[in-house]
Amino acid sequence: MPEQITPLSILYLLLHGAGTAICVVLCLYLLLCRGKAVAPDITPPARLRRWAAALFGVMAMAHIWWILFYTFSNNPHSVLYGLLVAIDCMALPPVFVGTLLAMLQDRRRPLWPIFVVMTPCAVLAVLQTALPYIDLTTPNKIYGLALVVTFIIYMVVAVRQYGRWLRDNYADLEHKEVWISLTLLIGLMLLLTSYEYTDDYVMCTIAHLTGFPLAALLLWRVETLKDLSTDNLLPHSAHSDVSLSEHSAVPLSETKNPASKGEVSHIGQLLAKHCEDTQLYLQTDLTLSQLSAAVGVNRYYLSQYFTSQNTSYYEYIHDLRVAHFVARYHELAAAQKPIVAQQLARESGYHSYSTFSAAFKQRMHQSVTAWMHMQPYAAH
């Protein structure tokens, strides 16, 4: 970095100090604060909260040791520089990866591979200081970029699996939120690589400016992500390891493959009796696990039943809820009673109007407002 003091370097130092302070505050907040400043009615995963606190803590320490290094040494060929780079390699990526994976709420994804793949980076950084006449920086950066690309591909696949798993097991989640994990991934990757691959004040200043909204987005995600561990559902990637008797409402001997034993119609009758006739589908946050317990069918085979009907749990519940909305609308309109779409959506099992609106438009091929205006009563 340039040694002379310029307005840009002053701005950089101010942003560096502000970023350090924010990381410290957010780390302490996530570790010590019992209440939540955002979405107090949602219980987030404690594991994600701890990982995010660790990420902010490690970033704060990295800010501190690097500013001290450039203040008192600023020698990229010293042993201290190599050690700091090695510490960065072994500290930042694991907490970064752990935080992103914790968003997927999957404890089966191991973290030890990240330590293994980052070890060559740390070793090369130390060797570079011991062997300054050999260029090890370039292969180290190439290797690091390959890891970044590989991890992005891995996370894209993992987030897609997570989204499908949510849709197969939950009817009320805003599925678009899973892509916040990728937004954070790309943003934080750009932030980290800008530090690692440039010494330019302009790029580092931009990286600092980018870090503030990313920190706010991460905090919002930690605070608003619902903890799904209490629902006794396993992540999508773990389905192949599930014992078929797990979470079963009936003995395993009675839960044969419905398609091969003619149980399709029987399961349909059970759904009609215990879900449709009782209007169980109106229960907000109803999960596949809860439905299987109420119906008395193994959750795995209930999911297989929906697949055999070319639908999914998510589609089944929303079909019933939208049909309930339409029926209730006509009842209220015939009785000449006032109709408020938001209130009627809540009565139909939705706590999020945006979720209802999307489900309604997908099934009715027009918006709620347009559909209501086309009805003969149009009482709203």
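The values are calculated or read from the model by the stated rules, or taken from the named source; none is laboratory data. All values derive from a computational prediction rather than experimental measurement. Neighbour counts are summed over all protein chains in view; Cβ atoms, including those assigned to glycine, are modelled from backbone coordinates with ideal geometry.
Summary of computed values
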| read-out | value |
| --- | --- |
| Flag if Val38 is more than 15 Å from Gly211 (Cβ to Cβ), assigned to a loop (DSSP other than H, G, I, E, B) and of a type in the set (A, V, I, L, M) | yes |
| Matching residues in region 281-333 - criterion: being farther than 21 Å from Arg346 by Cβ and among the aliphatic types (A, V, I, L, M) | Leu288, Ala293, Ala294, Val295, Val297, Leu302 |
| Failed item in (1) crowded, with 17+ Cβ neighbours inside 10 Å; (2) modelled with pLDDT under 80, with Trp165 passing the rest | (2) |
| Residue match in region 25-37 (condition: of a type in the set (Gly, Ala, Ser), surrounded by 15 or more Cβ atoms within 10 Å (Cβ to Cβ) and touching a residue at least 60 places away in the same chain (Cβ under 8 Å)) | no |
| Selection count, region 104-142, where residues are free of Cβ contacts under 8 Å to residues at least 24 places away in the same chain, surrounded by 15 or more Cβ atoms within 10 Å (Cβ to Cβ) and of a type outside the set (A, V, I, L, M) | 2 |
| Only one of Val295, Val322 that is more than 25 Å from Lys226 (Cα to Cα) and surrounded by 18 or more Cβ atoms within 10 Å (Cβ to Cβ) | Val295 |
| Leu68 vs. criteria at pLDDT below 90, assigned to a helix (DSSP H, G or I) and aliphatic (A, V, I, L, M) | yes |
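Conditions (1) assigned by TED's automatic domain parsing to the domain that holds Met372; (2) in a helix (DSSP H, G or I); (3) within 16 Å of Ala272 (Cα to Cα), marked per residue:
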residue: Gln304; (1), (2), (3): no, yes, no
residue: Tyr316; (1), (2), (3): no, yes, yes
residue: Val326; (1), (2), (3): yes, yes, no
residue: Glu331; (1), (2), (3): yes, yes, no
residue: Gln336; (1), (2), (3): yes, no, no
